[in-house]
Amino acid sequence: MTKAKFSKKQLPRKKDDLSAWFLAVVQAAELADYAPVRGTMVFRPWGYALWERVQESLDKLIKGMGVENTYFPLFIPLSLLEKEKSHVEGFAPELAVVTHGGGEKLAEPLVVRPTSETIMYAMFAKWIKSWRDLPLKINQWCNVVRWEKRTYPFLRTTEFLWQEGHTAHATHEEAEEQVREALAVYEKEFAEYFALAGITGIKSEAEKFAGGLKTTCFEVLLPDGRALQAATSHDLGQNFARAFEVKFQNQVGEEEFVWQTSWGLSTRALGGMLMIHGDDQGLFLPPALAPLQVIIVPIFSEGEKSVIEEYLRQLVRELEAELRVRVDDRSSHTPGWKFNYWEVKGVPLRLEIGRREVEEEKVLLFRRDTLEKEYLPRRGIKEQLKTILGDQMQQARERSRRFIEKQTREVNDYQEFKEIMAEERGLIRAFWCGNPDCEAQIKTETKATTRCRPFALEKEKGHCIYCRQPAQERWYFAQAY
Ligand SMILES: [Zn+2]
């Protein structure tokens, strides 16, 4: 019998060392592996199947907004990127630039896309002529490259996968509505597929998207108390439209610049989800995203194999109509090895079927989230499993919500702020006067940045946590991943 390459016993404990735990789980669960170029990562089948589930679910929601998929080239002429000044300044330190092609030095260097605003909007300028061409709403699923100094699987890789939505509208109101709608789509995706709660709001000027007018975000809280920006939706205003001359004739024949939005979710969100839901046994995948929801491990005994196989065939036929299910009947591994294997990979439910289960017309169920085993009657099994999977989703989402609630503190004293950020971290709601200098000083002294200002924020009377000047808004602060 084959010995497991990674047994659960070798995983570091999650709460002792989150980073070491995650690196070990990524390998043990066969999600991803390091590639030859530093900071790049190979998605192994289990990891890519997860991303495919994200694509499948999110793509439906995106198309539901009347957005169509496109594909733009990987290379962007450097001159195009330089058209929007603050955009190029924001991305310059992270650019990968191609200077040679076909054995010759290129007349103009090409940038490997860090994001596609510039190449897309050069085309928008060509496609949009009149108010009749608006709104233009497109999305692209692709890879982008940002040359990061410090990298970490899923959360920060030099090349990553994402979707980027881009729209152009006749009015600012319409664009603002699109920004809200895209963020609502992300909230739905996180709640219903990632089983994650998070915070939403508006970014400060220092933290917003380079070249945009306003950035809204969905952020989650990692188990080590750091915030992770999981998705963003930007109001680009007319900044890019001016730089790329994306103009249209309005209904009275006047020329106007379009109003634009862009919004994205990447494989980093997947990393956050894996980190939040996992435990000392490995991953726990929320059932709505899990490539496999039910793994069945048969326990064959001499002379009973064909009876058990027939029982399995009928069971699978019934379940696979609505659930993602597989039988692991490999004779090369023991049942115990298989239990470990699928537990590390985070499959939400396992069924064990042996002679006794067949005789008594039942199944032995193992729940990956609670680690509990129980017998269920064979009759009506599909409905029972669907109920349990739904319960797992709900409980996982609830756990992440409670964690945020517990780790969010209202702080009015800077000394206390500093102490919290030096120890437990988490989210702090504190007054900020809006002065970028205070924000920058807080970042230098505590590593905490403004994460966002909640949308539905009631004005209060208070004093800036840093300079003590009057302030009316409590912002979310946290150390960001
Ligand atoms: Zn201040």
C-alpha center-to-center spacing [region 83-114, region 276-305] in angstrom: 46 Å
Inter-site label distance for Asp17 and Gln249 at 7 Å from Cα along Cβ, in nm: 6.8 nm
Region 334-362-region 236-250 distance, computed between alpha-carbon centres (Å): 59 Å
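Please give the length that would be gained between Asp280 and Glu359 if that part of the chain were fully extended, namely 0.36 nm times their separation in residues minus their C-alpha to C-alpha distance (nm, one decimal).
Numbers: separation 79, 0.36 × 79 = 28.44 nm, distance 3.50 nm.
Stretched out fully, the Asp280 to Glu359 stretch lengthens by 24.9 nm.
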Value at 222 nm in deg cm²/dmol, rounded to 500, when DSSP H runs of n ≥ 4 in the chain each add -39,500 (n - 2.57): -11000 deg cm²/dmol
Förster-model FRET efficiency, 41 Å R0, Arg468 and Lys149, C-beta, rounded to 0.05: 0.70
For q = 0.06, 0.09, 0.13 Å⁻¹, Debye-computed log10 I/I(0) when each Cα of the chain counts as one equal scatterer: -0.33, -0.71, -1.24
In range of the label at Leu457: residues from region 401-429 whose backbone nitrogen is under 18 Å from the point 7 Å along Cα→Cβ: 408-414, 427-429
Extension gain from Arg399 to Met65, taking 0.36 nm per residue of separation minus the Cα-Cα distance: 117.2 nm
Selection from Val316, Gly237, Ala440 lying farthest towards where the dipole of the chain points positive, charges on Cβ: Val316
Stretchable slack from Lys406 to Gln55, in nm (0.36 nm times residue separation minus alpha-carbon distance): 123.2 nm
Exposure proxy ranking, count of Cβ atoms within 10 Å, fewest first, for Ser116, Ser130: Ser130, Ser116
Residues of type lysines that Lys447 reaches as a straight line, Cα spacing below 28 Å, ignoring anything fewer than 8 places off in the same chain: Lys14, Lys15, Lys85, Lys149, Lys203, Lys208, Lys214, Lys406, Lys418, Lys459, Lys461
Taking Ser301, Ser332, Ser204 and counting other C-beta atoms within 10 Å, the order from fewest to most: Ser332, Ser301, Ser204
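Read the figures in this text as sums done on the coordinates, not as results from a lab. Model, not experiment: these values are computed from the prediction. Methodologically, a virtual Cβ is constructed for each residue, glycine included, from the backbone with ideal geometry; neighbour enumeration extends over all protein chains shown.
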